[in-house]
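The values are calculated or read from the model by the stated rules, or taken from the named source; none is laboratory data. Quick caveat: nothing in here was measured; it's all calculated off a predicted structure. Cβ sites come from the backbone with ideal geometry, for glycine too, and all protein chains shown count toward neighbours. When the accessible area is computed, the model is the full protein with side chains, heavy atoms only, and any ligands, DNA or RNA have been set aside. Shrake-Rupley method; radii C 1.70, N 1.55, O 1.52, S 1.80 Å.
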Amino acid sequence: MATVMQMHWPEVTKEQYEQARREVKWETDTPKGAKYHVSWFGDDGLHVLDVWDKQSDFENFVQSRLGPATQRIGIKGQPKVSFGEVHAIYAPNPA
């Protein structure tokens, strides 16, 4: 069964997130196992909800692509990340 990943990273700005999107190119060079990605900014920083085939797919993506890019960009702090097994997925009209 697929894995859901929840991330909260208070220190990330919208500008840094957009720079990471450009550098990592996860939308045009889809990482192995990536299924779905949603991000938003609240008063408390960046939030991300992803669905991956396996937790290890996300961890490999962080190790090989996302982590190096966030270091180059100079993003501070570390995200709080949690995982759970997907029970059901329903996405009738993804944007």
Worksheet item: Label LYS25 and ASP53 with points 7 Å out from Cα along Cα→Cβ: what is the distance between them in nm?
Response: 2.1
Worksheet item: Can you pull out the trypsin sites (Lys or Arg not before Pro) in the range 7-49 that DSSP calls coil and that have at most 13 other Cβ atoms within 10 Å?
Response: LYS25, LYS32
Fill in: GluC sites (Glu not before Pro) lying in DSSP loop within the range 11-48, provided at most 10 other Cβ fall within 10 Å
GLU27
Practice prompt. Treat the range 43-95 as a sphere of radius equal to its Kirkwood radius over Cα pairs and apply Stokes-Einstein at 10 °C in a medium of 1.306 mPa s; give the translational diffusion coefficient in µm²/s, rounded to a whole number.
Written response: 118
Worksheet, complete the sentence: Computed on Cα atoms, Rg of the chain relative to 2.2 N^0.38 Å comes out at 1.05
Discussion item. Given a 1.4 angstrom probe, I'd like the percentage of the accessible area of the chain that is carbon and sulfur, rounded to a whole number.
Written reply: 50
Worksheet item: For helix 14-24, what angle does its Cα long axis make with the longest principal axis of the chain, in degrees from 0 to 90 and rounded to 10?
Response: 70
Practice prompt. Could you state the accessible area per residue of the chain in Å², with a 1.4 Å probe and every protein chain left in place?
Written response: 68
Worksheet item: Can you give the extra length, in nm with one decimal, that the chain gains between GLU18 and ASN93 once fully stretched, where that is 0.36 nm per residue apart less the Cα-Cα distance?
Response: 24.6 nm
